[in-house]
Amino acid sequence: MSIKNICCLGAGYVGGPTCSVIALKCPEIKVTVADLSKDRIAQWNSEKLPIYEPGLDDVVRKCRGKNLFFSNNIEESILEADLIFISVNTPTKINGNGKGRAADLKYVEGAARIIADVAQNNKIVVEKSTVPVRAAESIANILIANQKPGVTYQILSNPEFLAEGTAVNDLLNADRVLIGGENTEAGREAVEKLCSIYEHWLPRKNIVTMNTWSSELSKLAANAMLAQRISSINSLSAVCEATGADVSEVARAVGLDSRIGSKFLQASVGFGGSCFQKDILNLVYICECLNLPEVAAYWQQVIDMNEYQKHRFTTKIIESCFNTLSGKKICILGFAFKKNTGDTRESPAIHVAKTLLDEGASIKIYDPKVDKEQIDEDLTNPYVCENPENYRKRISIYTDPYTASKDCHAIVVCTEWDEFVDLDYKKIYGNMMKPAYIFDGRKILDHQALINIGYHVQTIGKRL
Ligand code: NAD
Ligand code: UGA
């Protein structure tokens, strides 16, 4: 029997877009995205979705209420479903064993326990969340230990490779879909059923099947290797600044080698986002547990280089401004971790803002898609600051870049939003304190044009 009803536990950045695209491409399948959070589900059912993703509004509008539903009724969604995606968050543990490195599987475990409690017929359970290698075994143990008579489970690994800001396009045109399953008759049958969903819009050659543990590890490996490229080019950006080489020219030259390729060689203030750091830390922890300290140290260096890059950038700002920011106003353009998303998780802008605030600056922030409440939460939570009021009185958030930069001593570009390229920098210069500085942490501006206006300009990986 083919799949007629899908449920997804977790209506986040992955569950929401992935299931919306499945609903779009499989009109005969009922898809329900279920979440514990009442607010999140209310937003998915409203005109303003909880996440900003280009193209997502259209997909949701076409399917919602027809074969796509967002619900807090987790039990009912599980009961009805033939196939259940677990797409819950897997953050880094903040307490206990593996604190600061291991993935916290409490939400995955919670999801598995609800499935075990509720299910009354056979289910295919699909691990969509990014998990440590062999996590499917833990899910299986929970399900089997609580199995009711007549109910069987197949656990599949089906990691997600979408990037935020391009999620809909990435899902519609995926380079590959990975499906890991058991090499038994029932396992192969479950893998085929999941393949048939993706085959509604992707060619079979793009759907790769393999053993469960390879599939789980491939996801961590892909993120680790993408982040490694960014840390590699960022490390070279420091060499460029010290020697007079230009990191964009170096990246172009290196990337033209077809064995290396040109993607993910954009030097920056450092990578952010909810996954690169978390997944590499998870990989490091797994290697340590497997008694592979050399491998752990190798991947840890990717994170260390990212920290170094963020630190190097903020040090440059402070040193350029006569080594004191006390009483100065600094404008931060962009707070999201990359363009075309409102997500700020692990955004380098948080590090930049915190460092400037600790140096005594007042900061004026503009981002086209990040809400004021989100910025306030990011900069005043206990992991970032001890005295929220001391920070709050020096943070202001604006809805346009011209007001945000008025009377500032410096502008710091933290996110590569397209609109920042075309701002009227002459007008902005006229309203800034002098000397006026621009620190381009994304290498998107026309530096020579800015110098001609009168700015002092600094960027990554190039002496100006
Ligand atoms: P998210 O925090 O945006 O969403 C997770 C959702 O799961 C939350 O809304 C939470 O309320 C819900 N949840 C937790 N426990 C639940 C339960 N028992 N039942 C129902 N809902 C529950 O997370 P995300 O960014 O969508 O990431 C989800 C997973 O996908 C993570 O493992 C992540 O590493 C992985 N991933 C993320 C991305 C990305 O771009 N964000 C890309 C690929 C993979
Ligand atoms: C990343 C991966 O690209 C996805 O394949 C993966 O599914 C996802 O993580 C995940 O597992 O969560 P994402 O973090 O959404 O996606 O965005 P990326 O485009 O990878 O950017 C991550 C960070 O690296 C951003 O801060 C970005 O600005 C930075 N970056 C990216 C660079 O500094 N230089 C580059 O060349 C590319």
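The values are calculated or read from the model by the stated rules, or taken from the named source; none is laboratory data. As the structure is a prediction and not an experimental result, all values here were calculated from the model. FYI the Cβ positions are ideal-geometry reconstructions off the backbone, even for glycines, and counts take in every protein chain you see. For accessibility, only protein heavy atoms count, side chains too; no ligands or nucleic acids. Shrake-Rupley method; radii C 1.70, N 1.55, O 1.52, S 1.80 Å.
The residues listed here are TYR425, TYR455, TYR402; of these, the one that is among the aromatic types (Phe, Trp, Tyr) and surrounded by fewer than 16 Cβ atoms within 10 Å (Cβ to Cβ) is TYR402. From the list GLY342, GLY273, the one residue that fits, being under 22 Å from the mean Cα position of the chain (by Cα) and open to solvent by 10 Å² or more (accessible area, probe 1.4 Å), is GLY342.
Table: residues versus (1) among the β-branched types (Val, Ile, Thr); (2) open to solvent by 50 Å² or more (accessible area, probe 1.4 Å).
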position: ILE197; (1), (2): yes, no
position: LEU202; (1), (2): no, no
position: ILE207; (1), (2): yes, no
position: MET210; (1), (2): no, yes
position: ALA222; (1), (2): no, no
position: LEU226; (1), (2): no, yes
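The set of residues in segment 262-286 being within 14 Å of ARG345 (Cα to Cα) and either out of contact with any Ser or Thr (no Cβ under 7 Å at 6 or more places or on another chain) or more than 8 Å from ligand 2 (Cβ to nearest atom) (or both) consists of GLY270, PHE271, GLY273, SER274, PHE276, GLN277, LYS278.
Give segment 84-114 a look and list any residue that's open to solvent by 70 Å² or more (accessible area, probe 1.4 Å), closer than 15 Å to SER138 by Cβ and assigned to a loop (DSSP other than H, G, I, E, B), or say none. Passing the criteria: only ASN97. Within segment 115-137, which residues are out of contact with any Gly (no Cβ under 9 Å at 6 or more places or on another chain), of a type in the set (Gly, Ala, Ser) and outside any helix (DSSP H, G or I)? Residue satisfying the conditions is ALA119 alone. Within segment 355-369, the residues that satisfy the criterion of being free of Cβ contacts under 8 Å to residues at least 40 places away in the same chain and not in a loop (DSSP other than H, G, I, E, B) are LEU357, ASP358, SER362, ILE363, ILE365, TYR366. Just one of the listed residues (ALA190, ALA167) is among the small types (Gly, Ala, Ser), farther than 18 Å from ARG442 by Cα and within 11 Å of ligand 2 (Cβ to nearest atom), namely ALA167. Taking residues in segment 62-76 that are in the same structural domain as TRP44 (by TED's automatic domain parsing), and partners anywhere that are among the charged types (D, E, K, R) and open to solvent by less than 60 Å² (accessible area, probe 1.4 Å), the pairs with Cβ atoms closer than 9 Å and at least 6 places apart or on different chains are PHE70/ASP35; SER71/ASP35; ASN72/ASP35; ILE74/ASP35. Condition test on VAL302, is it away from ligand 2 (no atom under 11 Å from the Cβ), aliphatic (A, V, I, L, M), under 21 Å from VAL247 (Cβ atoms) and outside any loop (DSSP other than H, G, I, E, B)? Yes, satisfied.
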